[in-house]
Amino acid sequence: MGDLEQYIPGPASAAQVRKGGDKWTLILVRELRHSPEKVWEAITHPAHLREWAPFVSDGDLGTPGSTVNLTWVGTGKTTEATVTRADAPYLLEFGDIRWELEAVDDGTRLTLWHQIDRRFISWGAAGWHIAFDVLDRFLSGNPLGRIAGADAMKLAGWQRLTAEYAKQFGG
């Protein structure tokens, strides 16, 4: 049995939601054992994003003012996003997503803000939770391969994870 077959997401981590209107802002934080520079590369370069992110980017996200097409895995939905801020290796903003990277003793504290339709906030939290697990494995040189969309929902533990986030968010 391979690593992917054995992977089960851990319990929901502390997440926050800022509620307002139809789109809520999901805030997730993950500590990674890698430098901000290495994490920055993974969140900006298309080849690295293909290894872990729930979207495909047709361009580098590290250039302020650049416009890229993001295709969300499993949906076929493509959205155009402009990189509004790219202060390597600390801050990245594009579309409905903001990343902050903070150097900590053992690596990087990665914080994600993502505006998501409120009806899908628990699914979004679970999906990013899994993506962060995959990112950590990718950066450690032990990749699982991207797990997103329908593939994430087929995982043992998906229902539990979404329920845990729903409970955290008061749903």
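The values are calculated or read from the model by the stated rules, or taken from the named source; none is laboratory data. What you see is a predicted model; the values in this text were computed from it and never measured. With ideal geometry, Cβ positions are generated from the backbone for all residues, glycine too; neighbour counts draw on all protein chains shown. Protein only, heavy atoms only, side chains kept; ligands, DNA and RNA dropped before computing areas. Shrake-Rupley method; radii C 1.70, N 1.55, O 1.52, S 1.80 Å.
Taking amide H as placed 1.01 Å from N in the peptide plane, LEU91 has its amide H under 5 Å from the amide H of LEU101, each at least 5 places away in sequence or on another chain. The dipole here belongs to the chain: it is taken about the Cα centre, uses +1 on the Cβ of Lys and Arg and -1 on the Cβ of Asp and Glu, and is about 660 debye. For region 33-90, the list of trypsin sites (Lys or Arg not before Pro) that fall in a loop by DSSP and count at most 15 other C-beta atoms within 10 angstrom reads ARG33, LYS77.
Under a model in which nothing but the beta-carbon of Lys, Arg (+1) and Asp, Glu (-1) is charged, region 4-77 shows a dipole of about 340 debye around its Cα centre.
Of the accessible area of the chain, computed with a 1.4 Å probe over protein heavy atoms only, carbon and sulfur atoms account for 50 percent. When the alpha carbon gyration tensor of the chain is reduced to an equivalent ellipsoid, the three semi-axes, largest first, read 22, 20, 17 Å.
Under 1.5 on a/c is rounded, so check that first for region 4-75, then, if it is not, pick prolate when a/b is larger than b/c and oblate when it is not; a ≥ b ≥ c are the square roots of the alpha carbon gyration tensor eigenvalues. Verdict is rounded for region 4-75.
Along region 11-26 the Karplus relation, 6.51 cos²θ - 1.76 cosθ + 1.60 evaluated at θ = phi - 60°, assigns HN-Hα couplings of x, 4, 8, 4, 10, 10, 9, 9, 8, x, x, 7, 10, 9, 9, 8 Hz to successive residues, with x for each Gly and Pro. Span-like helix check, the chain: qualifying full DSSP H segments, with Cα axial length of 24 Å or more and mean Kyte-Doolittle of 0.0 or more, are 121-139. Considering only alpha-carbon pairs that sit under 8 angstrom and 6 or more positions apart, the relative contact order computed for the chain is 28 percent. Note on the chain: lysine pairs with Cα distance below 23 Å, sequence gap of 8 or more or different chains, count 5. Couplings 3J(HN,Hα) for region 57-71, derived from phi with the Karplus relation 6.51 cos²θ - 1.76 cosθ + 1.60 (θ = phi - 60°), are 10, 8, x, 6, 8, x, 10, x, x, 6, 10, 10, 9, 10, 10 Hz, where x marks Gly and Pro. Comparing mean-square fluctuations of ALA42, ALA148, ALA15 from a GNM of the chain with C-alpha springs under 10 Å, the top value falls on ALA15. For region 1-106, the solvent-accessible area with a 1.4 angstrom probe is 54 square angstrom per residue.
Considering only GLY157, GLY65, GLY21, the mean-square fluctuation computed in a Gaussian network model of the chain, springs between alpha carbons under 10 angstrom, is largest for GLY21.
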